[in-house]
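The values are calculated or read from the model by the stated rules, or taken from the named source; none is laboratory data. Values in this document were obtained by computation on a predicted structure and should not be read as measured data. Cβ atoms come from the backbone with ideal geometry, glycine included; neighbour counts cover every protein chain shown.
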Amino acid sequence: MKAPEKNISTAGTWRKMLAARLIHNAAARVEQMPDSRVKVYVKTVRPWFLVPPLSWVLPLRRERGTVLDRLGTQVWNLCDGNRTVENVIDEFAAAHRLSFHESRAAITSYVQMLVARGAMAIVVDE
């Protein structure tokens, strides 16, 4: 039986992802809540099919808000555009006594959600 070959491109992809920087969406509106959480508002884009008379029945919100919990607010504050993903993972791991891999799993899934909602962007330096 032949041993599986290492996928070199996967390792390179992880290195690029860890070297990338996380920045906030400049168009997002951030609101500090009284309990030290953050609410991020992102403008929505009207779908092509939402024209009158359909738009009269289905109103479109101009902004979509995402409330970040206490841990999410910490991640949000770490993503200042200067730190790399690896730096954010290291600092989060140190603050919560996690291993690098536990922190990486949490941070990457959370950042993926924020990117999908349009609150954050990933900048890959070549």
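Would you be able to say whether some residue in segment 57-69 is surrounded by 12 or more Cβ atoms within 10 Å (Cβ to Cβ), without any contact (Cβ under 8 Å) to a residue 24 or more places away in the chain and on the phi < 0 side of the Ramachandran plot?
No, every residue in segment 57-69 fails to be surrounded by 12 or more Cβ atoms within 10 Å (Cβ to Cβ), without any contact (Cβ under 8 Å) to a residue 24 or more places away in the chain and on the phi < 0 side of the Ramachandran plot.
Mind listing just one residue for me: the one in segment 82-109 that is within 11 Å of the chain's Cα centre (by Cα) and buried (at least 18 other Cβ atoms within 10 Å of the Cβ) and, of those, nearest to Asp69 (Cα to Cα)?
The selected residue is Ile107.
Does at least one position in segment 39-52 carry a residue that is modelled with pLDDT of 80 or more and closer than 25 Å to Asp90 by Cβ?
Within segment 39-52 (the criterion being modelled with pLDDT of 80 or more and closer than 25 Å to Asp90 by Cβ), the answer is yes, since at least one residue qualifies.
Go through segment 85-126 and give me each residue that's part of a helix (DSSP H, G or I), of a type outside the set (A, V, I, L, M) and over 20 Å from Val40 (Cα atoms). Step through it out loud before you land on a result.
Residues of segment 85-126 that are part of a helix (DSSP H, G or I), as a first pass: 85-96, 100-116.
Among the residues that remain, those that are also of a type outside the set (A, V, I, L, M) are: 86-87, 90-92, 96, 100-104, 108-110, 112.
If the condition is that a residue be part of a helix (DSSP H, G or I), of a type outside the set (A, V, I, L, M) and over 20 Å from Val40 (Cα atoms), then Glu86, Asn87, Asp90, Glu91, Phe92, His96, Phe100, His101, Glu102, Ser103, Arg104 are the ones that fit.
Give me the pairs, please: first residue somewhere in segment 41-56 and under 24 Å from His24 (Cα atoms), second residue anywhere and at pLDDT below 75 and hydrophobic (A, V, I, L, M, F, W, C), beta-carbon distance under 6 Å, and either six or more positions apart or on two chains.
What qualifies is Arg46/Leu60.
Which of (1) under 13 Å from the mean Cα position of the chain (by Cα); (2) buried (at least 16 other Cβ atoms within 10 Å of the Cβ) is the odd one out, the single condition Asn77 does not satisfy?
So Asn77 meets the others, but not (2).
Out of all the residues in segment 25-84, which are in a loop (DSSP other than H, G, I, E, B), closer than 21 Å to Met120 by Cα and hydrophobic (A, V, I, L, M, F, W, C)?
Of everything in segment 25-84, those that are in a loop (DSSP other than H, G, I, E, B), closer than 21 Å to Met120 by Cα and hydrophobic (A, V, I, L, M, F, W, C) turn out to be Ala26, Ala27, Ala28, Met33, Val45, Cys79.
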